[in-house]
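Every number here is computed from the coordinates shown, using simple stated rules; none is lab data. What you see is a predicted model; the values in this text were computed from it and never measured. No Cβ is skipped: glycine too gets one built from the backbone with ideal geometry, and neighbour counts run over all protein chains shown.
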Amino acid sequence: MTAAARKDVHALETEVREKIHLEILKRTGAYHASDHILLPSGQHTSEYIEKTLVTTEPSFTEGLGAVIAKHFAQWPVDIVLSTGPGALILSHCVARAHPSRPVVVYGTKGLAGGKRRVTLPIEFQRLIRQRTKVLLIEDLVSTGFTLNLLIKLVEHLGAQVVGIGCLWRRTSVELDGKPVFSLVSRDFPTYAPQDCPLCKKGVPLNEEFVRRRHVRRGSSMEERKPA
Ligand SMILES: [Zn+2]
């Protein structure tokens, strides 16, 4: 087989693998395609992913986590680090399947003085030391902002980022030149309403995701004050 043909086979395998992973995400109800969707930014798109639903099917998450672990199996990993509930569920599945049997730790995201910040609880800080090998895990990477902060935090502690594993990554995102493995690498084209080809075709606009954000609320329960 020529090098060019081998490259074609590799590209085809990647494409097939991505299709399978997209189907899995579709089955969780997280991934919506072939639609005409209003985004919170006011832009229009044909695809949308609901982050909260991505890790709701344990067997899917375990299977996808194992694929990420297999990719990084050749490198020793001491710690798997993530932030946010979805990424934490995935990071558990990756750590469970990685041959180094790494420890799972997580940071928290927040705002301080209007600036985004990630914080590692004090109890975890003694686990990340000089030359500790850290694998970062994220569910969806849309801006890379959180991951870039995590990379800085890990390196500030003298540890080393082995790589970054994620379910979904927008291809335009840069992550400080670190090795990234994502099950799906995809950018949704988004359009200003006046330039949107779906509007021009007269496809009805689905405002569900934006409306839901403003009008519908999650269920909650409050403690009753004693009389
Ligand atoms: Zn449109």
Name the shape class, rounded, prolate or oblate, that the alpha-carbon gyration tensor gives for the range 1-127, where a ≥ b ≥ c are the square roots of its eigenvalues, rounded holds for a/c under 1.5, and otherwise prolate holds if a/b is larger than b/c and oblate otherwise. oblate
In vacuum, with every alpha carbon of the chain counted as one equal point scatterer, what does the Debye formula give for log10 I(q)/I(0) at q = 0.10, 0.12, 0.15, 0.16 Å⁻¹? Two decimals, please. -0.55, -0.77, -1.10, -1.19
Which helices pass in the chain if a helix is a full DSSP H run, must span at least 24 angstrom along its long axis by Cα, and must have mean Kyte-Doolittle hydropathy not below -1.0? 3-27
Per DSSP, loop GluC sites (Glu not before Pro) in the range 141-216 with at most 15 further Cβ within 10 Å: Glu174, Glu207
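Provide the net charge surrounding Gly144, with neighbours chosen by a C-beta distance below 11 Å and charges set as Lys +1, Arg +1, Asp -1, Glu -1.
Numbers: positive: Arg169, Arg170, Lys178; negative: Glu138, Glu174, Asp176.
Around Gly144, the charge tally is 0.
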Given R₀ = 35 Å, what would the calculated FRET efficiency be for Gln160 paired with Glu62, taking r from the Cβ atoms and rounding to 0.05? 0.85
Restricted to the range 57-185, the DSSP antiparallel beta bridge percent, nearest 5, is 20
Could you put Lys225, Lys109 in order, starting from the residue whose Cβ has the fewest other Cβ atoms within 10 Å? Lys225, Lys109
Selection from Phe145, Thr83, Pro121 lying farthest towards where the dipole of the range 57-185 points positive, charges on Cβ: Pro121
List every residue whose amide H lies under 5 Å from the amide H of Val184, counting only residues 5 or more places away in sequence or on a different chain, with H placed 1.01 Å from N in the peptide plane. Trp168, Arg169
For the residues Ile137, Ile89, Ile122, Ile49, what sequence is obtained by ranking on other C-beta atoms within 10 Å, fewest first? Ile122, Ile89, Ile49, Ile137
Percent relative contact order of the chain, based on C-alpha pairs within less than 8 angstrom and at least six residues apart? 20
With charges set only on the Cβ (+1 for Lys and Arg, -1 for Asp and Glu), what does the dipole of the chain come to about its Cα centre, in debye to the nearest 20? 540
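Are there chymotrypsin sites (Phe, Trp or Tyr not before Pro) in the range 146-227 that DSSP puts in a loop and that have at most 13 other Cβ atoms within 10 Å, and which ones?
Passing sites in the range 146-227 do not exist.
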If all Cα-Cα distances of the range 57-185 are sorted into 10 Å bins from 0 onward, what percent lands in each bin, rounded to whole numbers? 14, 49, 33, 4, 0
